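The values are calculated or read from the model by the stated rules, or taken from the named source; none is laboratory data. In this text, all values refer to a predicted model and were calculated from it rather than measured experimentally. Ideal geometry is used to build each Cβ from the backbone, glycine not excepted, and the neighbour counts take in all protein chains shown. With ligands, DNA and RNA removed, areas are computed over all heavy atoms of the protein, side chains included. Shrake-Rupley method; radii C 1.70, N 1.55, O 1.52, S 1.80 Å.
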Amino acid sequence: MVEVIWTKLATNQLERAVKYIKEEQGTFYAKLVLNKILDSVGGLETHPKMGQVEILLKHKKSEYRYLVVWNYKIIYRIGSNKVVVSRVFHTSQNPTKIF
(Lines give C-alpha, C1' and ligand atoms only; values in the text may rest on other atoms or scores of the structure.)
Protein backbone atom coordinates (compact mmCIF):
# COMPACT_ATOMS: atom_id res chain seq x y z
CA MET A 1 0.00 0.00 0.00
CA VAL A 2 1.29 3.45 -0.91
CA GLU A 3 0.43 6.92 0.33
CA VAL A 4 -1.38 9.29 -2.04
CA ILE A 5 -0.17 12.88 -1.87
CA TRP A 6 -1.79 15.81 -3.68
CA THR A 7 0.35 18.73 -4.83
CA LYS A 8 -0.89 22.23 -4.10
CA LEU A 9 -1.45 22.76 -7.83
CA ALA A 10 -3.59 19.61 -8.15
CA THR A 11 -5.59 20.52 -5.06
CA ASN A 12 -6.23 24.03 -6.40
CA GLN A 13 -7.25 22.68 -9.80
CA LEU A 14 -9.67 20.23 -8.20
CA GLU A 15 -11.16 22.96 -6.01
CA ARG A 16 -11.63 25.25 -9.04
CA ALA A 17 -13.25 22.46 -11.04
CA VAL A 18 -15.69 21.63 -8.24
CA LYS A 19 -16.52 25.30 -7.75
CA TYR A 20 -17.20 25.71 -11.47
CA ILE A 21 -19.44 22.63 -11.58
CA LYS A 22 -21.32 23.84 -8.52
CA GLU A 23 -21.94 27.25 -10.13
CA GLU A 24 -22.97 25.78 -13.49
CA GLN A 25 -24.81 22.58 -12.53
CA GLY A 26 -25.42 22.71 -8.80
CA THR A 27 -24.16 21.18 -5.60
CA PHE A 28 -25.37 17.65 -6.37
CA TYR A 29 -23.21 17.32 -9.50
CA ALA A 30 -20.24 19.05 -7.90
CA LYS A 31 -20.27 16.53 -5.03
CA LEU A 32 -20.77 13.66 -7.47
CA VAL A 33 -17.70 14.62 -9.52
CA LEU A 34 -15.59 15.33 -6.43
CA ASN A 35 -16.46 11.98 -4.83
CA LYS A 36 -15.82 10.04 -8.03
CA ILE A 37 -12.40 11.70 -8.46
CA LEU A 38 -11.46 11.07 -4.82
CA ASP A 39 -12.65 7.44 -5.01
CA SER A 40 -10.68 6.83 -8.21
CA VAL A 41 -7.53 8.38 -6.78
CA GLY A 42 -8.04 6.38 -3.58
CA GLY A 43 -7.71 3.23 -5.64
CA LEU A 44 -4.12 4.20 -6.38
CA GLU A 45 -3.19 3.31 -2.79
CA THR A 46 -3.45 -0.37 -3.63
CA HIS A 47 -3.04 -0.25 -7.42
CA PRO A 48 -0.69 2.63 -8.28
CA LYS A 49 -0.11 1.46 -11.85
CA MET A 50 -3.77 1.21 -12.78
CA GLY A 51 -3.62 4.38 -14.89
CA GLN A 52 -2.19 4.62 -18.38
CA VAL A 53 1.21 6.16 -19.09
CA GLU A 54 0.92 9.84 -20.06
CA ILE A 55 2.69 10.02 -23.42
CA LEU A 56 2.83 13.84 -23.37
CA LEU A 57 5.04 13.70 -20.27
CA LYS A 58 7.28 10.86 -21.49
CA HIS A 59 10.24 13.26 -21.60
CA LYS A 60 10.13 13.80 -17.82
CA LYS A 61 12.47 11.98 -15.45
CA SER A 62 9.57 10.33 -13.60
CA GLU A 63 6.94 8.21 -15.26
CA TYR A 64 3.60 10.01 -15.28
CA ARG A 65 0.32 8.15 -15.51
CA TYR A 66 -3.28 9.27 -15.60
CA LEU A 67 -6.84 8.31 -14.76
CA VAL A 68 -9.84 9.74 -16.57
CA VAL A 69 -12.87 10.59 -14.48
CA TRP A 70 -15.68 12.01 -16.58
CA ASN A 71 -14.02 14.96 -18.35
CA TYR A 72 -11.04 15.19 -16.02
CA LYS A 73 -7.62 13.68 -16.46
CA ILE A 74 -5.95 13.05 -13.11
CA ILE A 75 -2.19 13.04 -13.71
CA TYR A 76 0.11 11.42 -11.18
CA ARG A 77 3.54 9.92 -10.75
CA ILE A 78 4.68 6.98 -8.71
CA GLY A 79 7.49 7.47 -6.21
CA SER A 80 8.92 5.14 -3.63
CA ASN A 81 5.99 4.20 -1.38
CA LYS A 82 3.88 7.12 -2.62
CA VAL A 83 1.77 8.39 -5.48
CA VAL A 84 1.88 12.12 -6.17
CA VAL A 85 -1.17 13.62 -7.87
CA SER A 86 0.24 16.54 -9.83
CA ARG A 87 -2.61 17.78 -12.05
CA VAL A 88 -6.37 17.74 -12.46
CA PHE A 89 -6.80 18.60 -16.11
CA HIS A 90 -10.08 19.12 -18.00
CA THR A 91 -9.90 17.16 -21.23
CA SER A 92 -11.39 19.99 -23.30
CA GLN A 93 -8.22 22.04 -22.76
CA ASN A 94 -5.32 22.07 -25.16
CA PRO A 95 -3.20 19.02 -24.21
CA THR A 96 0.01 21.06 -24.34
CA LYS A 97 -1.18 22.89 -21.21
CA ILE A 98 -0.27 19.76 -19.23
CA PHE A 99 3.40 20.77 -19.28
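Indicate, rounded to the nearest 5 percent, the antiparallel portion of the DSSP beta bridges found entirely in the chain. Walk me through the numbers before you get to the answer.
Numbers: 16 of 20 bridges.
Approximately 80 percent, going by the DSSP bridge assignments.
Any idea what angle helix 27-42 forms with the longest principal axis of the chain, computed on alpha-carbon atoms, 0 to 90 degrees, nearest 10?
Compared with the principal axis, the helix lies near 10 degrees.
Counting only protein chains, not ligands or nucleic acids, how are Arg77, Arg16 ordered by accessible area (probe 1.4 Å), most first? Please report the intermediate quantities before stating the final value.
On the way: Arg77 70, Arg16 145 Å².
From most accessible down to least: Arg16, Arg77.
Specify whether the C-alpha gyration tensor of region 1-41 places it in the rounded, prolate or oblate class, a ≥ b ≥ c being the square roots of the eigenvalues: rounded for a/c under 1.5, otherwise prolate if a/b is larger than b/c and oblate if not.
Working: a/c = 5.07, a/b = 1.68, b/c = 3.02.
In terms of gyration-tensor shape, oblate.
Say we join alpha carbon atoms closer than 10 Å with springs in a Gaussian network model of the chain; which of Ser40, Ser80, Ser62 then has the biggest fluctuation?
The residue with the greatest mean-square fluctuation here is Ser80.
Within region 41-99, what whole-number % of the accessible surface is contributed by carbon and sulfur, with the 1.4 Å probe and all protein chains included in the calculation?
On the way: 1680 of 3480 Å².
Carbon and sulfur together cover 48 percent of it.
Going by a ≥ b ≥ c, the root eigenvalues of the Cα gyration tensor, does the chain fall in the rounded group (a/c under 1.5), the prolate group (a/b larger than b/c) or the oblate group? Write out the running numbers ahead of the final one.
Values: a/c = 2.13, a/b = 1.41, b/c = 1.51.
Since a/c reaches 1.5 but b/c is at least a/b, the shape of the chain is classed as oblate.
Order 52-59, 81-88 from most to least packed using the mean count of other Cβ atoms within 10 Å.
Working: 52-59: 13.1, 81-88: 19.0.
Sorting 52-59, 81-88 by mean packing, highest first, produces 81-88, 52-59.
Mind checking the per residue accessible area of the chain for me, 1.4 Å probe, whole number of Å²? Write down the numbers at each step before the final one.
Values: 6440 Å² over 99 residues.
Solvent-accessible surface per residue comes out at 65 Å².
Given +1 on the Cβ of Lys and Arg, -1 on the Cβ of Asp and Glu, and no further charges, what dipole in debye does region 35-99 carry about its Cα centre, rounded to the nearest 20? Kindly include the intermediate steps, with their values, before the conclusion.
Numbers: 11 positive and 4 negative charges, 51 e Å.
Charge dipole of region 35-99: 240 debye, to the nearest 20.
With n ≥ 4 as the cut-off for DSSP H runs, can you work out [θ] at 222 nm for the chain, using -39500 (n - 2.57) per run divided by the number of residues, rounded to the nearest 500? Provide the component values of the computation, followed by the final result.
On the way: 2 runs with 34 residues, N = 99.
Rounded to the nearest 500, the figure is -11500 deg cm²/dmol.
If a/c stays under 1.5 just call it rounded; otherwise compare a/b with b/c (prolate if a/b is bigger, oblate if not). Do that for region 37-85, with a ≥ b ≥ c from the square roots of the Cα gyration tensor eigenvalues. Walk me through the numbers before you get to the answer.
Values: a/c = 2.29, a/b = 1.17, b/c = 1.96.
It is oblate, given that a/c is not under 1.5 and a/b is not larger than b/c.
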